[in-house]
Amino acid sequence: MPRLNWRWLLAVSSVPSFMALLFYGPTPESPRYLCTKGRITDAQKILEKIARQNQKSLPSGVLVCDQSIGVDEVYAPSEDNSLLCPIGKKPNVLRAGFSALLMLFSSKLIRTTLSLWLLFFGNAFSYYGIVLLTSELSSGQSKCRHSIGLHSEKIRGSSLYVDVFITSLAEFPGLVLSAILVDRIGRKLSMVIMFAMGCIFLLPLVFHQKEILTTCLLFGVRMCIMGTITVANIYAPEIYPTSIRATGYGLVSAVGRIGGMICPLVAVGLVTGCHQTAAILLFEAVMVVSGVSVMLLPLETNGRELTDIVAVPE
């Protein structure tokens, strides 16, 4: 950025996205999807390939089709079936989508749906808020008299990009932390712990801090938020039954994007208006609410098999 401009930065940053296209070819299609389309042979080949790569053997029997499975019907394969797949009448896509949407707000799932909405909204809001807060606290051009964090010393213009780069590196330990915790202590407890740690790292920034300490605290917050985002993206598909999994997960992801869009309007307005303390307290409140939403989720999915029915929480 200091040597070229933002256009070059965006151009270089887009390169990994184009590289991802190379993986679309070797990525296998879902065997379940292939079965629903009647492509039994293709589904069988993919399952055999998966078994070989994992040095396992497929269950005995053949891959056959059964009648379509409704939203509330039990998925119960027999000894001779390694996968069931609907055939017969082609479903009405619009009607099926509307039915899945209604199920998300049924008495059995509305608690899960609303809790996940709060979680994903808070995750995205906090994540982009910390990114914006890093750049604002690292800016040497603040007009606020009582600025906090990195404004305590005269900062070179290029240090802004250094600080953002350092805090961006926090996403790697965040991924490692989530990988360590998620299967050992469970999805819900992992997210609660990382939200609590994020609040602890963020709270000292309410007061004036030195440059190095501010950068370290922002590093810690971003690490924790990345960890909660990772675990949330594991948890959400696991808690929904197969028949509405894609719809449910898609909606919670969309709500998260809304949180990411609203954050700059609120956070940047507070920071540029010399209300950095209020902005930090706002992020604290959002993370607390997100942690509470995790505790309100009805099920811990760690070690549970994926379900095809809408189960009543016990």
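For this structure, a couple of remarks:
- Computed from phi, the 3J(HN,Hα) profile of the range 289-306 under the Karplus parametrisation 6.51, -1.76, 1.60 (θ = phi - 60°) reads 4, 5, x, 5, 4, 5, 5, 7, 4, x, 10, 9, 8, 5, x, 8, 6, 5 Hz, with x in place of Gly and Pro.
- DSSP-assigned coil residues among trypsin sites (Lys or Arg not before Pro) in the range 163-194, each with at most 10 further Cβ atoms within 10 Å: Arg184
- Rounded accessible area per residue of the range 177-314, 1.4 Å, Å²: 44 Å²
- Label-point separation in nm, Arg304 to Arg39, each point 7 Å along Cα→Cβ: 3.2 nm
- Near Lys49: Cβ cut-off under 13 Å, other residues only, Lys/Arg at +1 and Asp/Glu at -1. The net charge is 0.
- What the phi angles of the range 196-211 give under the Karplus curve with 6.51, -1.76 and 1.60, with θ = phi - 60°, is a coupling list of 5, 5, x, 5, 5, 5, 7, 4, x, 6, 4, 9, 5, 10, 6, 4 Hz, glycine and proline written as x.
- Amide hydrogen proximity for Tyr240: with H placed 1.01 Å from N in the peptide plane, no residue at 5 or more positions away or on another chain lies under 5 Å.
- Using the Cβ-Cβ distance between Thr272 and Phe105 with R0 = 45 Å, the FRET efficiency computed as 1/(1 + (r/R0)^6) comes to roughly 0.70.
The values are calculated or read from the model by the stated rules, or taken from the named source; none is laboratory data. Predicted model, so just to flag it, every value in this text is computed and none were measured. Neighbour counts are summed over all protein chains in view; Cβ atoms, including those assigned to glycine, are modelled from backbone coordinates with ideal geometry. Side chains are part of the model used for accessible areas, which takes the heavy atoms of the whole protein and leaves out ligands, DNA and RNA. Shrake-Rupley method; radii C 1.70, N 1.55, O 1.52, S 1.80 Å.
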